[in-house]
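Here is the structure we will look at.
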Amino acid sequence: MAREILFTSLAPFQLNGEQAKLIYTIEPRDKKYNLQSYSSEILFPGKTKTFFTVGMAFYGATLSDEAYSISTETAVDGTITHQLVNEDLSKIEMGMAALLRGGKRLENKNLSLQFAFGPGVSITNKMRPRFLIGGGFSYGNKHRVAVDTGLIIGEVNRLSQQVRKGGVNKSTSQLTVSDLKVGGFLSLGYHFNF
């Protein structure tokens with residue numbers, strides 16, 4: 001003989017930040033069935049520990065241009081000499097980058113470990129394209145402050161081999177050439193996590 005067992009359920013909601021907690025209880029409709037009650041909870045939407053975001057960053061890097069000028073001197077006898085002068089510019093480049101970040105939250109819900117990569121542009125002296133790849137940490141729940149470090153790749157000005165070997169004279173027109181180099185960077189940025 002089949003028995004019909006009917007249950008009642010209650011669904012109170014308790015807000016938990018951006019999530020809702022559903023607590024439900026299943027009880028037998030009638031005590032005569034001698035069945036146990038059951039209670040549990042569901043948290044939704046479930047928070048994942050991994051994330052992928054895009055955010056802006058300001059960086060400092062070890063890539064830098066070499067800058068040179070030519071000093072012309074005339075001797076008493078009318079002899080003209082040309083000398084190469086190193087302008088000693090700053091060895092640190094500043095710039096901005098749009099970094100794609102992916103990572104995982106650590107046990108502390110606000111702290112995350114991440115990798116980052118993306119395009120950048122130098123804003124020191126000449127604007128030049130850059131590519132950054134590295135990793136770091138971010139802090140925050142939805143609005144996050146990120147600190148990243150890694151490698152930066154881009155073109156920089158270096159002294160021409162022609163000038164290195166032959167020196168400078170009145171016909172020297174180009175002192176530097178562009179060369180692809182790799183350096184290090186440290187950035188401070190922001191990203192929003194959905």
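The values are calculated or read from the model by the stated rules, or taken from the named source; none is laboratory data. These numbers come from a predicted model, not from an experiment. For neighbour counting, all protein chains shown are included, and Cβ atoms are generated from backbone atoms with ideal geometry for every residue, glycine included. When the accessible area is computed, the model is the full protein with side chains, heavy atoms only, and any ligands, DNA or RNA have been set aside. Shrake-Rupley method; radii C 1.70, N 1.55, O 1.52, S 1.80 Å.
Per-structure values
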quantity: Matching residues, the range 144-189, being of a type in the set (Ser, Thr, Tyr), part of a strand (DSSP E or B) and either farther than 28 Å from LEU111 by Cβ or at pLDDT below 95 (or both); calculated: THR176, SER178
quantity: Single unsatisfied condition, PHE115 versus (1) open to solvent by 50 Å² or more (accessible area, probe 1.4 Å); (2) closer than 30 Å to GLY140 by Cβ; (3) touching a residue at least 24 places away in the same chain (Cβ under 8 Å); (4) in a strand (DSSP E or B); calculated: (3)
quantity: Some residue of the range 123-133 being hydrophobic (A, V, I, L, M, F, W, C), modelled with pLDDT under 85 and assigned to a loop (DSSP other than H, G, I, E, B); calculated: no
quantity: Conditions (1) open to solvent by 80 Å² or more (accessible area, probe 1.4 Å); (2) within 30 Å of SER138 (Cα to Cα); (3) modelled with pLDDT under 80; number of the one not met by LYS21; calculated: (1)
quantity: Residue match in the range 49-56 (condition: polar (S, T, N, Q) and at pLDDT below 85); calculated: no
quantity: Residue list for the range 57-102, filter: among the aromatic types (Phe, Trp, Tyr) and modelled with pLDDT of 90 or more; calculated: PHE58, TYR59
quantity: Given (1) modelled with pLDDT of 90 or more; (2) outside any strand (DSSP E or B), index of the condition ASN108 fails; calculated: (1)
quantity: Failed criterion for LYS104 (all others in (1) open to solvent by 70 Å² or more (accessible area, probe 1.4 Å); (2) within 19 Å of GLY183 (Cβ to Cβ) hold); calculated: (2)
quantity: Which numbered condition GLU4 fails, given (1) over 24 Å from the mean Cα position of the chain (by Cα); (2) at pLDDT 75 or above; (3) farther than 30 Å from ASN141 by Cα; calculated: (2)
quantity: Qualifying residue in the range 64-85 (condition: in contact with a Phe, Trp or Tyr (Cβ under 6 Å, 6 or more places away or on another chain) and either open to solvent by less than 80 Å² (accessible area, probe 1.4 Å) or outside any strand (DSSP E or B) (or both)); calculated: yes
quantity: SER40, sole failed condition from (1) outside any strand (DSSP E or B); (2) surrounded by fewer than 11 Cβ atoms within 10 Å (Cβ to Cβ); (3) among the small types (Gly, Ala, Ser); calculated: (1)
